[in-house]
Structure formats: structure tokens, C-alpha cells
Protein chains: 2
Amino acid sequence: MEGASRVNKWTQKRDKKRAKLEKASRLLNGKFVNTSRIVELMELLIEPGSKVVLEGDNQKQASFLSKKLLEVDPSKVNELHMIMSSISMPEHLDIFDYGIASKIDFSYSGSQSLRVAQMIEDGTLKLGDIHTYLELFGRLFIDLIPDVVLVAADKADRDGNLYTGNNTEETPTIVEAAAFKDGIVIVQVNDIVDELPRVDIPGSWVDVVVKADKPYVIEALFTRDPQNITELQVLMGMMAIKGVYGKHQVQSLNHGIGFNTAAIELLLPTYGEQLGLKGKIARNWALNPHPTLIPAIESGWVESIHSFGSEVGMEKYIAARPDIFFVGKDGSMRSNRALCQVAGQFAVDMFIGSTLQMDAQANSSTVTAGRLAGFGGAPNMGHDPRGRRHATPAWLDMIEKPHELAKGRKLVVQMVETFGANKKPVFVDSLDAIQVKTQSGLAVTPTMIYGDDVTHVITEEGIAYLYKSDSLEERKKALAAIAGVTPLGMESKEKDVRVLRDQGIVAYPEDLGIARQQAKRSLLAAQSVSDLVDWSEGLYVPPAKFRSWS
Amino acid sequence: MEGASRVNKWTQKRDKKRAKLEKASRLLNGKFVNTSRIVELMELLIEPGSKVVLEGDNQKQASFLSKKLLEVDPSKVNELHMIMSSISMPEHLDIFDYGIASKIDFSYSGSQSLRVAQMIEDGTLKLGDIHTYLELFGRLFIDLIPDVVLVAADKADRDGNLYTGNNTEETPTIVEAAAFKDGIVIVQVNDIVDELPRVDIPGSWVDVVVKADKPYVIEALFTRDPQNITELQVLMGMMAIKGVYGKHQVQSLNHGIGFNTAAIELLLPTYGEQLGLKGKIARNWALNPHPTLIPAIESGWVESIHSFGSEVGMEKYIAARPDIFFVGKDGSMRSNRALCQVAGQFAVDMFIGSTLQMDAQANSSTVTAGRLAGFGGAPNMGHDPRGRRHATPAWLDMIEKPHELAKGRKLVVQMVETFGANKKPVFVDSLDAIQVKTQSGLAVTPTMIYGDDVTHVITEEGIAYLYKSDSLEERKKALAAIAGVTPLGMESKEKDVRVLRDQGIVAYPEDLGIARQQAKRSLLAAQSVSDLVDWSEGLYVPPAKFRSWS
């Protein structure tokens, strides 16, 4: 009944935070710590065993904090449970080698996927689980509530208000989870200024600000050079536009990363225009500001784009197109990975993506032998969101057998060449992911997209309209019909294919009225990065590695 | 090529906004407009045909702006397309009668559901569609991008920064959609102050602030008086705790509104404790701060609660329990409907809810004859999120037939008495929603939760473990076995029931080791609202209507 001890019982996290900040107060000037003292500060604020979110976005990296975390004394800071949406840099894994961190929950590992798998096998890294972005964000508020978050912003003002510019990404979501549960919010900024262009994250959510020794690392992940698009990709793009986008009147959609969808973006103003589809399809987008979408935007195809993150080089172009992008009064975009994933899950007609392996039931994964890549947002957008209740023409068009409680489906389209870049067949008997499950001690096989969620598969051979199929056997035959000379494709029988084509379950280019010889690179609205710059009237400023001219 | 005309082409929305604000500048002092001039201002800022979000939350209402919108001249402001997560007040519909608005997209209508249905039939109101909260929020960034948003906050400072206190709800999400797409953000506040306790929404996102003539309306939607809990509900609660929560080790969960789940909350510290389940189940929650959860919190059952919104009377209690709730440095909670719906969809083991009608395949709806109620968040949380990839014990426990690509399922539990409050059977041959579809011109039947997503149904007769069933016929028999003396229940055959019980597809109280006579109200940890106040050590301050004393 004694007030004081009662209060303590329910404010342990807050009291601990206060004590830590008091201990660190000699290093702090208000919220600010000197660049050179950040390691010392982290040693005071990060307790052994803490749950730590290190940003680790898809694009933006808290690279300074990440490097400095490597410098803490592992006898003071250890056994950290890291939570990262993206494991993108070697430092992200070095902390495990150094004995600073021991466990990780993540969404995507990309270039580090080989090392992640190896470290799990070696026991250096204990795997929590693999997540889509949205479920990882959700867990920050449920059972992975962070003790400390290490994030990056462009600028801070003297009150610790933050400006993120175009790359807002998931920073506000991460910070919110910590700030309102007595976690500690540490932010690296490129600059400290008197007045911000706008506020993205209020200073009252922030505990510590440090000016980084250099600007945060950011990658141009979504830039695809048109000159690398092949004529097979042009053919697949034409099939997609006519046989999927046009056929079902797909108005809102997500495009992922990759040359297949880049080809589609560049075909809209040419082939799409010839088909008379302008204004009828592909108007509202959930996607990053892809440079290859510039010609479609300039040609009036695009009404709106909401973005997960930004793209290096697109800043001036975005600023000049506020009717299209989500741009603040200051002229820079506010992206928001959490809200764009919500929109990409529930509010768009179609997800179109690609994969490294697909089995005969259209189950697919980008996790292959020895590589624990994770999936990012693909599983979230690449499934039928059964909680959706509003109807659109494309969604309703997926109803094959009308009945009283029938509802539509999201279009989940997989677009793959029958053989991957490594010359291995994409269609396999059994996903490598099944072995990776055992090797990595996962509870379930790391499947990216489950076959029963897939409505369409497009290869250079044709389209399988899987949503029309009503048996596993028929699905397999439909996939075999477009699987070319892969082992699965060799199982295909001509008489089955004839039936499937008659029923509209499979369509070859000729069934869609597309002649293979039409599929020329000259159909692309831009042939090169330089063409994209021209389309943008010089507003798009590609990173050096994409500039062949000076 | 001329710079000026080029720029205009891509900044139409921004230019229009600027022109409108200039026209209105005589009414504005910075961002502030005098309370008495708001109608005039709205007439200048809201164009005919605009998409307008009127907040319309589940709890908090922009009640001043809503009333004032009724006073605009319909010859100046008309044909508005309203977007409201909740149609809660008569004024929300009066704007249609007055000719100010013509179309609506919404999520939930509750007390206004009869009038909504009537107005659609009369042609006074054109229905866009019914949504879950999350898909409506998603569309704000895709194809329902708002032109104007009318929202409510507690306080503003002189720069227009906003403080929402406990009822943050979806305000930041709505404002973000408008602020970054050149929509106009108009906020009513209870107070204008020099310094805010914290910032919830940065002033740079806000265009107009008006002090309301009285504080915004807010309802105690989630308060259930323990004295109205029946012994049947106690019985069902015991079955739920032992036969579902305990059996599957449900650690993270959502509870909706209602006496069924209130009973469970009050049984955790008594019956749950007897079963030795403390610390093993029901630790991490996505739910509003239910007063009936106070005894479980005080008894140490609860680790964390993230909330969609707040609850009237719980403010002081929440402030004193920051280890449990998401509380800012200022001592008030930050709720967040969008993020809590994300968490409730992806990050929890179980959703448990109730319904007004259920058919023999466990399809259910709260839309009944003549009432277009909508569903709020239930469909979003009450489905298996197929984009989820992380595993928990309860989720894995739903795997009945292990295979290489097997994955878990979310527990979706429906808890109903066989006869509703209106003495009508809950189990019906055909949902009323099917007729409502036709009457309201909906594209699909407004189903709240689809039967194939439901894993468990609990009635006062027993539990049907539908996830164990592998045929529609068997599902129907399992439901019939627990459907009591409803027409469906009368179809149940004793020999079928015996088989189902042997297979564990149906469990009666005795199968769970629960004697019906155990189910006494005395088992509830609190018998009345006054008991809840005592449990809270006086921190919970119930609204007057729940106070029988003083």
C-alpha cells in the first residue's frame, strides 16, 4: 500500500531509462552528444541482453551508429538481440563475430544472405525468425518491444526534431515503438540546423542526437538500366500488359525491383498506348520512385505513387511532380514503409514479382541453398489479403464460380524466365528452402509466396492463369505448359496444352495476338539511363555508376 | 519547354491549395481561425466534389467540425465524397440530407446502421464501399487520396503542433495522407497552449487550427460493467481459457468489445491462476485499455498492451502503468489505430470475437436485415494473415497435417451464445447479409469473417475445433454439435457427436474437465465497476453512467 514502492513496481523500464540517461548526462549537452563520444555513450545506454533495433532499412542505413556499435567493449555490451528489417552491410554481422550481439530477428538480408546462413550453422548467430516488414513492425508493439533504437535522419534542429527528407522509410515506426515504451532513441544525423524544412519525427520522441562523421549510406536499389533489358523481357512485358493488366483492368498495383517489371514500365507509353489502355490501367501505384517509370509518368499514365522509400537521384524529379508523389510543403517526399506496405497489401489490385525457384504448385522462394535471404515485403503484398472487403473490377474478375458468399481475390502474379541468370531452371521439383529450413533450425520452410495465393505465372513461353484452375493436377499441367525446356516443361503433353489453351487456363503469345518478332527493344520508351534523364527534362540525376556519359 | 507552364502541369493540386488558402487568408491569423468564422472558412476551402475525411474514429469525434460542416451553404459546398472510418453521430448523416455530401466510403456505422441502410435505399447516400480500418487507411494513399481532412486533437501550440494525448487513434495517419499530397488539414482542438506535453503531429503537417466551442466528443465504448456478466458467459470464458488459450499456449492476442471477452479478462486472475497458466498465456495484447483487464494487470498476468485508441476513465491508471501501456514521457498514452491493426493482424497468435449471425459453415456477419453496420477491424484481425512468416507455439499448433511446406495459422475464435440478445438463433441457414448485398447494391456480400478462416467456435454448449475438420460436411456437424436448440443444433445426431468428441473436433465442458456448476459469477475477479476501481487503487475513474455509487 506504500505509494512509493507501488509506483516503482509499474515504472521499472522508465526508472531504468532515467537512471541510464543520468549516468550518461556528463556526455550529453541536452540531447546532443559529441561525435567522438558516441561509443562511450552507447556503452552506458545499451545494457547486455537489450533488444536493439538497428536501422537497417531497405535503403537507408544508420551506418555511423552501426560502425560505432562495433567499437563498444563486448565485456560491457553483449548478448544483444538485434531487430533489423534489412541486414545490408558487413558491420551488421560483424557485431555477432565480435561477441556484441547474439540473436537476430530480420526481414531481408540480400547481399549478406550467404554469411547469415553460414553464421547460423556456425552458431555465431542465433536466429529468431524471418519476417515480412509489416509483421516485424507489428511485433515492435507486441512481443519484440525495443529497449534501444539506433536510427538515421537527414537533419535535426536544436530541440531534436528530425527531418528525414525523401527517405522517411520506417524510421518513424521504429522510433514510435521505443519512444512510447521507455526505450532509448538514438539518432545519427547528417546535419544539425536551426530550422528544419519540415518535421518528420517530433523531438519529444528523441533522446539522443549525434552528428555522424559522414552522411548515412544509401543505395540506389530500384534503378534498372534500360540497356540491360532483354527482348525476352520485352516479350514477357507485352504479355503482362495485354494478358493481365489489360484483361483484368488492373488499376492499382505494386511493382517490385527487377528488369521484368522495368520492361513493363517502359512499355506502357508505347505498347500500352497502342492497345488503347492509357487511363484504364496502372493509374495508382504503391512503389518506390523507379526511374524507369519516368516515361509513363511524363506520358500521363500515372495518377499517384505512394512509396516505401525513395530512390537516389530521383529527388529533384519528385520535387517537381507533387501531383504524382507524396511531397511535403518543403518539396521533398515523405515515404513511409509501414503505411505503403499496408496500402500495398490491402488497397491495390495486383502484386507482380519474381522469384529464384518455383515448384510445380507455384510455391516459390528466394531462399536458395546456403542463402538465407529473407523476403522483405513480398509475402505481405504477394498474398490474397483475406481481410479485404472493398471491391474493384480486377479483384472481382478473379471470381470463377459465383455464389452467394463469393468474393474477389488479389492478383498475385509471378513473372520469371524459365531459366535463371545462373542457367539453372527456375522450375524445380522441390524448393531449396526445404533444406534451408533444417539447416537453419527454422520452424517452417521459408517460403516466399505460397502457390495457392498465386493467380498468374508469366514466363517467356506464356501465361498460366492459375486462378482458373481447380485442381492441383491441373495447376501443375498449366505451369508445365509454360515451363519451356526445364524438367517440368518436358513433362508437358501437347494434348493437355491444347485443352488448357482452349479453356483459357494457358495463353501463349499467339493466343494473345502477340507475335514474338514484335518484341523488340525498340519498343521500350527509353533505351538507356541517359534517355530517362531526357524524359525527366534533366530532373533525374542518376548516381555515377549509372552514368556512361560524364 | 517553357518552364512556367511545365511546372503548372505537375503542381495543380498544390497551386489550387495555395490559391484557396490565399483566398481564405483574411480569415486566418497564421494557421488560426476564430471559432465563429469556421463555416465561412470551410466554404472557401472545401470545393464541390472534394474527397473529405471527417474524423469519425471508433472513439474520438471531430464533433465541432462535423456540426459546423452542416452549416455550410449547400450551393457552395456539395457533392462531397466522405471518407469516415466510423459513422457515429447523426450529423455524420445529416450532411447527406442537407445536400452537402453525396457519397461515402466507411468502415463501421454502429448506432447509425439502420439509417445508413435506409438512406442508401432512398438514394440520399451513394455507397462507395465498406472497408476494414486498415484497408480504408491504405486507400488514403492509393485511390482515395483526400482533398480535405477534418480532425480533432486535444491541444495545439502556437506553431500548430498537435497533442492528442491518449486518443491518438488514426489522426496521424489521416493527416499524413493529406499533408503530403497537398490536401488541406483542418484541426479542431480543445485548447491552444504555449507548450505541449509532447508533439503527436508536427505543425508543419497542419494548415488550419480552430478552437472548438466545446471539447470533442468521446465515448466509453470498451467499458463493460462486470455486474452484467452472466454465468453462461462465465462458463464460456472458462472453456475458452482451458480449451483454447491454455491448450494452444496463446501468448499474444486481441480481445474485442463485449461481455464474453470481458468475462475471460476477469477469469484470468482466478480460474486461469487455478489452472497454473499465469505467465504461460495472454501476456502480450493488442487491445484498447479495457477496465475489465485491470485485475489481470494488477495480478501480474499482462506484460504489454498496445492500443488502437484509449478508453474514457482509464487515463490516470494508464499513466501509472507505463511498464504495461505505450506511454509517452508526458505520462499519457499514444494509441495508434493503424499500427495496432497491423500488430493485431500479423503479430498476435489469436483473434477472438463475436457475431450476430453465423451460417452452418461458420461464415459470420454483424450486418443483419436493414442494418448496414460495417465491421471495423474484425475482418482484418479475424482472418489468417497469409503474409505472416514467423512462428509461435500457438500458430504452429494449428498444423494438423505436417508436410514440407506446412505452416501455422492464426487462431480465429468466434464466441457466441446460441441465441442472441434478441432471442433469435445466432446459427442461421443463410446470412441476412446476402439480402443486404442486393438492397444496398454491394458487389459482394458483406461478410464479417469467412468460415474457412475460423479455427474455433465457442458456445455455451462447447467448443468446435474447426481447424481439425477436413470437410464442409464435418464442419457443419461440428457446429451443429454446439448449436444447442437452434434449428442447426436440432439437426445434430448423437452418434456423429460421439465421433467428433472422440476425435477432439468437438469438446463439451465435461470433456475439458469443467463442471457447469463451477461457472459462478463469484469466480469473476471483479463483480462490479466499483470493484474495478478498487483493483486500480482508485486510479480508474469510470464515467458517470457506470457509477452507481456517489
Verdict on A:Ser536 being over 30 Å from B:Pro402 (Cα atoms) and at pLDDT below 95: no
Boolean, B:Phe308 is over 16 Å from the mean Cα position of the chain (by Cα) and among the aromatic types (Phe, Trp, Tyr): no
Matching residues, the range B:204-224, being assigned to a loop (DSSP other than H, G, I, E, B) and not acidic (Asp, Glu): B:Val206, B:Ala212, B:Lys214, B:Pro215, B:Tyr216, B:Ala220, B:Leu221, B:Phe222, B:Thr223, B:Arg224
Count of the range A:361-370 residues which are away from chain B (no Cβ under 12 Å) and touching a helix residue (DSSP H, G or I) at 6+ places or on another chain (Cβ under 6 Å): 1
Check on B:Phe351, within 15 Å of the chain's Cα centre (by Cα) and assigned to a loop (DSSP other than H, G, I, E, B): no
Candidate set from the range A:448-474 (those that are away from chain B (no Cβ under 14 Å) and in a helix (DSSP H, G or I)); member that is farthest from A:Ile241 (Cα to Cα): A:Glu473
Residues of the range B:371-400 satisfying the condition of being assigned to a helix (DSSP H, G or I) and facing chain A (nearest Cβ under 7 Å): B:Pro379, B:Asn380, B:Leu396
Checklist (1) out of contact with any strand residue (DSSP E or B) (no Cβ under 7 Å at 6 or more places or on another chain); (2) buried (at least 22 other Cβ atoms within 10 Å of the Cβ); (3) assigned to a helix (DSSP H, G or I) applied to B:Gln227, failing item: (2)
The range A:484-499: number of residues that are in contact (Cβ under 8 Å) with a residue 24 or more places away in the chain and farther than 29 Å from A:Thr270 by Cβ: 5
Residue that is nearest to the chain's Cα centre (by Cα), among those in the range B:96-115 that are surrounded by fewer than 18 Cβ atoms within 10 Å (Cβ to Cβ) and part of a helix (DSSP H, G or I): B:Gly110
Lone unmet requirement of (1) within 11 Å of chain A (Cβ to nearest Cβ); (2) in a helix (DSSP H, G or I); (3) surrounded by fewer than 24 Cβ atoms within 10 Å (Cβ to Cβ) for B:Gly300: (2)
Residues of the range B:407-423 classified as surrounded by fewer than 16 Cβ atoms within 10 Å (Cβ to Cβ) and facing chain A (nearest Cβ under 10 Å), total: 0
Of residues in the range A:509-550 being assigned to a helix (DSSP H, G or I) and acidic (Asp, Glu), the one surrounded by the fewest Cβ atoms within 10 Å (Cβ to Cβ): A:Glu510
Search result, residues across the range B:69-83 that are within 20 Å of B:Ala212 (Cα to Cα) and either surrounded by 23 or more Cβ atoms within 10 Å (Cβ to Cβ) or without any contact (Cβ under 8 Å) to a residue 24 or more places away in the chain (or both): B:Leu69
Residues that are more than 7 Å from chain B (Cβ to nearest Cβ), surrounded by fewer than 24 Cβ atoms within 10 Å (Cβ to Cβ) and not in a strand (DSSP E or B), drawn from the range A:126-145: A:Leu144
Positions within the range B:176-193 being in contact (Cβ under 8 Å) with a residue 40 or more places away in the chain and in a helix (DSSP H, G or I), in sequence order: B:Ala177, B:Ala178
Among the residues listed as B:Ser63, B:Ser36, the single one being assigned by TED's automatic domain parsing to the domain that holds B:Lys181, under 29 Å from B:Ile87 (Cβ atoms) and surrounded by fewer than 18 Cβ atoms within 10 Å (Cβ to Cβ): B:Ser36
Residue in the range B:28-57 that is farthest from B:Asp191 (Cα to Cα), counting only those that are among the polar types (S, T, N, Q) and touching an Asp or Glu at 6+ places or on another chain (Cβ under 7 Å): B:Ser50
Residues located in the range A:360-377, provided they are touching a Gly at 6+ places or on another chain (Cβ under 7 Å) and at pLDDT 95 or above: A:Gln361, A:Ala362, A:Asn363
Matching residues, the range B:317-348, being more than 8 Å from chain A (Cβ to nearest Cβ) and more than 19 Å from A:Pro385 (Cβ to Cβ): B:Tyr317, B:Ile318, B:Ala319, B:Phe325, B:Gly331, B:Ser332, B:Ser335
Hits in the range A:424-447 - residues which are within 11 Å of chain B (Cβ to nearest Cβ), surrounded by 15 or more Cβ atoms within 10 Å (Cβ to Cβ) and assigned to a helix (DSSP H, G or I): A:Ala433, A:Ile434, A:Gln435, A:Lys437
Residue selected from the range B:88-118 under the condition away from chain A (no Cβ under 14 Å) and touching a Gly at 6+ places or on another chain (Cβ under 7 Å), by the criterion nearest to B:Ile130 (Cα to Cα): B:Ala117
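Residues checked against (1) over 30 Å from B:Ala369 (Cβ atoms); (2) among the hydroxyl-bearing types (Ser, Thr, Tyr):
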{"site": "B:Thr124", "(1), (2)": "no, yes"}
{"site": "B:His131", "(1), (2)": "no, no"}
{"site": "B:Leu140", "(1), (2)": "yes, no"}
{"site": "B:Ala178", "(1), (2)": "yes, no"}
{"site": "B:Asn190", "(1), (2)": "yes, no"}
{"site": "B:Val199", "(1), (2)": "yes, no"}
Qualifying residue in the range A:178-194 (condition: over 28 Å from B:Ala391 (Cβ atoms), at pLDDT below 95 and buried (at least 24 other Cβ atoms within 10 Å of the Cβ)): no
Breaking point among (1) in contact with a Ser or Thr (Cβ under 9 Å, 6 or more places away or on another chain); (2) touching a residue at least 60 places away in the same chain (Cβ under 8 Å); (3) among the charged types (D, E, K, R), for A:Arg547: (2)
Hits in the range A:158-175 - residues which are more than 8 Å from chain B (Cβ to nearest Cβ), in a loop (DSSP other than H, G, I, E, B) and touching a helix residue (DSSP H, G or I) at 6+ places or on another chain (Cβ under 7 Å): A:Asp159, A:Gly160, A:Thr164, A:Asn166, A:Glu169, A:Glu170
Index of the failed condition, A:Ile281 passing every other in (1) within 22 Å of the chain's Cα centre (by Cα); (2) buried (at least 24 other Cβ atoms within 10 Å of the Cβ); (3) within 14 Å of chain B (Cβ to nearest Cβ): (1)
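The values are calculated or read from the model by the stated rules, or taken from the named source; none is laboratory data. A quick note: this is a predicted structure, and the numbers were derived from the prediction, not measured. Positions of Cβ are generated from backbone atoms using ideal geometry, with glycine treated the same way; all protein chains shown enter the neighbour counts.
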